[in-house]
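Take a look at the structure set out below.
The values are calculated or read from the model by the stated rules, or taken from the named source; none is laboratory data. On a predicted model such as this, the values are computed, not experimentally measured, just so you know. Cβ placement follows ideal geometry from the backbone for every residue including glycine, while neighbour counts extend to all protein chains displayed.
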Amino acid sequence: MSRSTAPQPFLRLTELSLSFGAYTALDKLSLDIREGEFFSLLGPSGCGKTTTLRLIAGFETPDRGEITLGGEDITTLPPNLRDTNTVFQSYALFPHMTVAENIAYPLRMRGTPKADIASRVADAIEKVNLGKFADRLPHQMSGGQRQRAALARAIVGRPKILLLDEPLGALDLKLREQMQHVLVDLQKSLGITFIYVTHDQGEALSMSDRIAVMNGGLIQQIGSPEEIYYQPRNAFVADFIGKSNRIPVKASDDHTLSFADVRIPRRKARGTNAVAIRYEALHVSPDRNYDVTFQGTVVRKMFLGSVVEVIVEVSGQTLTSHVPSRKASALRTGETVPVGVMLEDVVYFDD
Ligand SMILES: Nc1ncnc2c1ncn2[C@@H]1O[C@H](COP(=O)(O)OP(=O)(O)OP(=O)(O)O)[C@@H](O)[C@H]1O
Ligand SMILES: [Mg+2]
């Protein structure tokens, strides 16, 4: 018999609860974060992401529960005594200091020797590719450059954990995508644990080692991006991540679920009353065999670029499919076409 070799917990949140007056912002939230991982807290506005980050940073104290770092209880330790640092959406650089002076600031405050400061600032500037901008003032740089300066300032003191609260929220889409690469590269080269807060699923899926999906102060699911995407644990996660058809189903007998006159083999003994099928997993006019095949009528097509969104009607139920654009040009509105699904792409829910 092999024993599980779970790694020693690094940052552990145990049953953290926090209320603001009558409002429960977090309800018994538990989470283990591993050393050196890129961990994201993902969820809609107001779900408690920033509150969780503030508890880890020490800006907030929980009503109940415990936070340990490397086994040491830090629940009530003041922020300046924790090995954490935070990057916010607003860059919060000092406007009258150059980039190099901004980055040197936390080291000067700590009384780091002058010679060390110079080399560590140069190193941090290098890490975020701001070499040419060391002597610029914040207002002389773009938003992306300012955010990189803020990142350099946050890592120069070599915290064990870097907390990032929607740091790319103010940037345009192209720049945000570039900065995602900068962040991932930086995290891997530093080996610092990153805890990243975002409501943007694309950002969380592309950067994270693991993600905690939150809603209403509760964790809905923790897993790798692939697990969250392909095996959503409940309807909330399935709806929040990617785009899915959520289809109410009835149990025809012990082995079969049905919607309209479509039959799907059942997976669980009982309790299953909805399934989800991702847009890209619903194959319209398929050119090979699928586990489940039925007829649908094309009611609408919308060109989205690389895919065409095709709405098909199946006995009064509308389903959405993303069809590769080149293939979709042959589909005509009003046409009846076969629709195919692989069982591995069907997610079964009790709710
Ligand atoms: N100091 C406070 N006083 C009262 N309510 C608060 C306070 N801080 C947060 N809340 C409430 O707690 C809930 C969680 O807030 P939090 O800032 O953690 O959300 P979030 O997930 O970061 O949302 P967003 O994506 O909009 O930043 C919200 O409903 C918020 O209004
Ligand atoms: Mg927030």
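Quick check: anything in region 77-98 in the same structural domain as Tyr196 (by TED's automatic domain parsing), farther than 28 Å from Arg54 by Cβ and either among the aliphatic types (A, V, I, L, M) or touching an Asp or Glu at 6+ places or on another chain (Cβ under 9 Å) (or both)? Yes, region 77-98 has at least one match.
Would it be correct to say that Thr24 is near ligand 1 (Cβ under 10 Å from one of its atoms), farther than 19 Å from Thr198 by Cα and surrounded by 16 or more Cβ atoms within 10 Å (Cβ to Cβ)? Against the criterion (near ligand 1 (Cβ under 10 Å from one of its atoms), farther than 19 Å from Thr198 by Cα and surrounded by 16 or more Cβ atoms within 10 Å (Cβ to Cβ)), Thr24 qualifies. Within region 305-327, if we keep just the residues that are without any contact (Cβ under 8 Å) to a residue 24 or more places away in the chain and exposed (fewer than 13 other Cβ atoms within 10 Å of the Cβ), the residue that is farthest from Val339 (Cα to Cα) turns out to be Gly305. Taking region 86-123 as the range and being modelled with pLDDT under 90 and either in contact with a Phe, Trp or Tyr (Cβ under 8 Å, 6 or more places away or on another chain) or farther than 21 Å from Ile161 by Cβ (or both) as the test, no residue passes. Considered as a group, the residues in region 35-65 that are within 16 Å of ligand 2 (Cβ to nearest atom) and part of a loop (DSSP other than H, G, I, E, B) include one that is surrounded by the most Cβ atoms within 10 Å (Cβ to Cβ), and that residue is Gly43.
Each residue in region 199-219 was checked for being surrounded by 21 or more Cβ atoms within 10 Å (Cβ to Cβ) and not aliphatic (A, V, I, L, M), and 3 pass. Of the residues making up region 115-133, those that are surrounded by 18 or more Cβ atoms within 10 Å (Cβ to Cβ) and either outside any helix (DSSP H, G or I) or in contact with a Pro (Cβ under 6 Å, 6 or more places away or on another chain) (or both) are Val128, Leu130.
Criterion first (away from ligand 2 (no atom under 16 Å from the Cβ), more than 28 Å from Asp185 (Cα to Cα), assigned by TED's automatic domain parsing to the domain that holds Gln220 and surrounded by fewer than 18 Cβ atoms within 10 Å (Cβ to Cβ)) does Thr68 satisfy it? It is false that Thr68 is away from ligand 2 (no atom under 16 Å from the Cβ), more than 28 Å from Asp185 (Cα to Cα), assigned by TED's automatic domain parsing to the domain that holds Gln220 and surrounded by fewer than 18 Cβ atoms within 10 Å (Cβ to Cβ).
Residue check: is Phe38 touching a helix residue (DSSP H, G or I) at 6+ places or on another chain (Cβ under 9 Å) and either over 24 Å from Gly191 (Cβ atoms) or not assigned by TED's automatic domain parsing to the domain that holds Gly191 (or both)? No, not satisfied. Would it be correct to say that Thr198 is within 16 Å of ligand 1 (Cβ to nearest atom), within 21 Å of Gly36 (Cα to Cα) and either free of Cβ contacts under 8 Å to residues at least 40 places away in the same chain or among the hydroxyl-bearing types (Ser, Thr, Tyr) (or both)? Yes; evaluated as a whole, the condition is true for this residue.
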